[in-house]
1. For the range 95-144, what class follows from the C-alpha gyration tensor (a ≥ b ≥ c being the square roots of its eigenvalues): rounded when a/c is under 1.5, otherwise prolate if a/b is larger than b/c, else oblate?
2. Of (1) 182; (2) 134; (3) 120, which one was derived for volume of the Cα convex hull per residue in Å³ from the structure shown?
3. How much of the accessible area of the chain, probe 1.4 Å, is carbon plus sulfur, in whole percent?
4. Could you give each residue of the range 349-362 its phi-based ³J(HN,Hα) in whole Hz, using Karplus coefficients 6.51, -1.76, 1.60 with θ = phi - 60°, and x for Gly or Pro?
5. If you average the sequence gap of Cα pairs under 8 Å that are 6 or more apart and divide by the length of the range 46-183, what percent do you get for the contact order?
6. Just list whichever of 183/310; 171/327; 162/206; 32/251; 103/327; 162/298 have alpha carbons separated by over 19 Å in the model shown.
7. So what's the net charge close to residue 40: Lys and Arg +1, Asp and Glu -1, counting the other residues with Cβ under 11 Å from its Cβ?
8. Could you tell me the relative contact order of the chain? Use alpha-carbon pairs under 8 Å, at least six residues apart, and round to a whole percent.
Amino acid sequence: MKRRNFIAGAGLGAAASVIAAPAIAQSMPEVKWRLTSSFPKSLDTIFGAGQDVSDFVAAMTDNKFQIQVFAAGEITPGLQALDAAQEGSVEACHTASYYYVGKDPTFAFGTAVPFGLNCRQQNAWIHMGGGLELMNEFVQDYNVNFIPCGNTGAQMGGWFRKEIASVDDLKGLKFRIGGFAGKVLTKLGVVPQQLAGGDIYPALEKGTIDSAEWVGPYDDEKLGFNKVAPVYHYPGWWEGGPMLSVMCNLKAWDALPEAYKAALKAACAAADTRMVARYDAKNPAALKRLVAGGTQLKPFPVDVMAACYKAANELYDETSAANEKFKKVYEAWKAFRTEQFLWFRIAENTYDNFTFSAADRVK
């Protein structure tokens, strides 16, 4: 008798789900968005995060919410992705907010600032340290909503025709570098150039620029920088944990059903995790290939790092004095960074330093 009751109950439940599913599906609108990326399709790591978002959102909404992803240049140049989302010519963009420091230097905090947070610390600041609220308060003036979506991890220092052996070697150097770091290096005589990823190689090949930084071994190898510049410096002190973001036009964002907003946020979070994993998995082998092919791998000299650190802190103070929006975010960010550095110095850094050196001794 109990078995018959169970089967009957299961049948009713199955029937209810068959009836309910179409009703739920019919209640959700079909929404089609266009998302413009700041990155070329050739980079499965960084452009791929935008495509991941599209795929995840479609899967979570039974294809009711579709996001078509366009590479840099297909709709708008890579460095104008934010403008397209702000104006509403597309509903969203996938970009690095620090590309837009020319509009306001406060944009840098959404990606990375020199001698700032590593990947995990940046995530902690954004998600648990008030950073997301501060960034969204700031970008409201640009008619967009900020959603974290990706991180490359600590980057390399870039490709150079000649080795940087001292601070004097920076003077007059035409260096492709994004974000706030260009302003730091200007203090040391560098002539910064901001170029989208797809435009770097031809500029480096023609000699329009002397050096260029992008991300790290896997992406840099794909873009072929090793073919035109032999020296590969590290670390990229301006990008300890650079975060990418999806920025949505406010009108388009506000019009989304709450379920679709939740799906988009969840998709961005999943894409974030996958991007970090991609880079961590792919960079080691790429670096080995580059070095085997003749790339000269060299750390920046300590005096160069120290001069850049000094210049960065001077710039933060100068910018804070002139820009109240920057000052508000900087003061909160700086306090958070201090606490993070204290903690990471105790556990993470001690573990890493010992384990890495121990592994070398075992070899």
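The values are calculated or read from the model by the stated rules, or taken from the named source; none is laboratory data. Since we're looking at a predicted model, the values are computed, not measured. Glycine gets a Cβ as well: all are built from the backbone with ideal geometry, and neighbour counts include every protein chain shown. Ligands, DNA and RNA are excluded from the accessible area calculation, which covers all protein heavy atoms including side chains. Shrake-Rupley method; radii C 1.70, N 1.55, O 1.52, S 1.80 Å.
1. Numbers: a/c = 2.40, a/b = 1.29, b/c = 1.85.
Taking the square roots of the gyration eigenvalues as a ≥ b ≥ c, the range 95-144 is oblate.
2. The value matching this structure is (1).
3. The computed percentage sits at 57.
4. Per residue, the Karplus-derived 3J(HN,Hα) values read 5, 5, 4, 4, 4, 5, 5, 5, 5, 5, 5, 5, 5, 5 Hz.
5. Computed over the range 46-183, the figure is 22 percent.
6. Over 19 Å apart, Cα to Cα: 171/327.
7. Spelling it out: positives minus negatives among the neighbours equals -2.
8. Rounded, it is 22 percent for the chain.
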